[in-house]
Amino acid sequence: MQLKKDKGQLIVLSGPSGVGKSTVIAELLSQRDNIYFSVSYTTRQPRVGEQDGVNYNFVSRAEFERMIAADELLEYAEYVSNYYGTSLKAIQQRLDTGVDVLLDIEVQGAAKVKARCPDALFIFIIPPSFEELSRRLHGRNTDSEEIISGRLEKARVEFCEIPNYDYLVINDKVTHAVEEIEAILRAAECRVSSRQRILAQFQ
Ligand code: ADP
Ligand code: 5GP
């Protein structure tokens, strides 16, 4: 039974660049209602096909640093020489009205969210192999060889953080990865703590 929730679930999805997070998220969002994808702020340049306000809010370094100083970010991190961060206001309002919020953030940011929001769901997504990750980064055709090497190096460091996550999803096929995430979200909805409102009538 689908009930309106008192509070939305905060969902943190991390995984190395090129694993397929954006692809899996797009598929998940097309199948699921009542979920909001948090559009991050970044100082990196848009890739071909990326739209301001859709994939990211693309801002200057000066504007990003103003947001840090004004305490407008739930978390932020510097990743391969660019800033990335999550607007607190944009997600808080949704969570308060019962909408689930999905963050696609890297491991340092995820650790900050864990410290501030321990009830969030932490999901790490991996490729079927390291070679496949390299193939996907090359196949995406959006980054220079130098940037790709930096991202692959970073991936090895990120894998060490997996024990800090609750769930590990393997993106071999997009449909499988989406099914696994759906299963995780469904299980979270069935937690006793998520069903306090319906439970109240039996107590
Ligand atoms: P991320 O958001 O994690 O950086 P993307 O979603 O941009 O990754 O995916 C990187 C590349 O891998 C894209 O070219 C995408 O089409 C491809 N890709 C994503 N998932 C799969 C998959 N399960 N099998 C094969 N290719 C995939
Ligand atoms: P990309 O440049 O490939 O889009 O993203 C690089 C990395 O930044 C990815 O691991 C992605 O999850 C992460 N990222 C995107 N937005 C945010 C954010 O708001 N905060 C943090 N900490 N990481 C982010």
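What follows draws every value from the coordinates through simple rules; no lab data is involved. Note that this is a predicted model, so its numbers are computed, not measured. Counting neighbours? That spans all protein chains shown, and the Cβs are built from the backbone with ideal geometry, glycine included.
Selection among ILE148, LEU137, ILE91 by position relative to the dipole of the stretch 90-157 gives ILE91 as farthest towards the positive end (Cβ unit charges, Cα centre). Excluding GLN203 itself, what net charge comes from residues whose Cβ is under 15 Å from its Cβ, given Lys and Arg +1 and Asp and Glu -1? Net charge in that neighbourhood comes out at +2. Taking a span of 24 Å or more along the helix axis (Cα atoms) and a mean Kyte-Doolittle hydropathy of at least -1.0 as the rule, no DSSP H helix of the chain qualifies. Overall, the chain carries a charge dipole of about 520 debye about its Cα centre when +1 sits on the Cβ of Lys and Arg and -1 on the Cβ of Asp and Glu, all other atoms neutral. Note on LYS21, LYS173: ascending count of other Cβ atoms within 10 Å places them as LYS173, LYS21, the fewest first.
For the listed residue pairs LYS89/LYS114; LYS5/LYS112; LYS7/LYS154, the alpha carbons are over 29 angstrom apart in LYS7/LYS154. Placing unit charges on the Cβ atoms only, positive for Lys and Arg and negative for Asp and Glu, gives the stretch 20-65 a dipole magnitude near 160 debye about its Cα centre. Cα extents for the stretch 1-96 along the principal axes, largest to smallest and rounded to whole angstrom: 47, 30, 21. Three principal axis extents of the stretch 63-137 based on alpha-carbon atoms, in descending order, are 41, 30, 19 Å.
The chymotrypsin sites (Phe, Trp or Tyr not before Pro) of the stretch 147-203 meeting both criteria, a DSSP state outside H, G, I, E and B (loop) and at most 13 other C-beta atoms within 10 angstrom of the site's C-beta, are PHE202. Relative protection proxy for 101-108, 72-79, 176-183, from highest mean packing down: 101-108, 72-79, 176-183 (other beta-carbon atoms within 10 angstrom). Measuring nothing but alpha carbons in the chain and taking Rh as the Kirkwood radius, the Rg to Rh ratio lands at 0.97.
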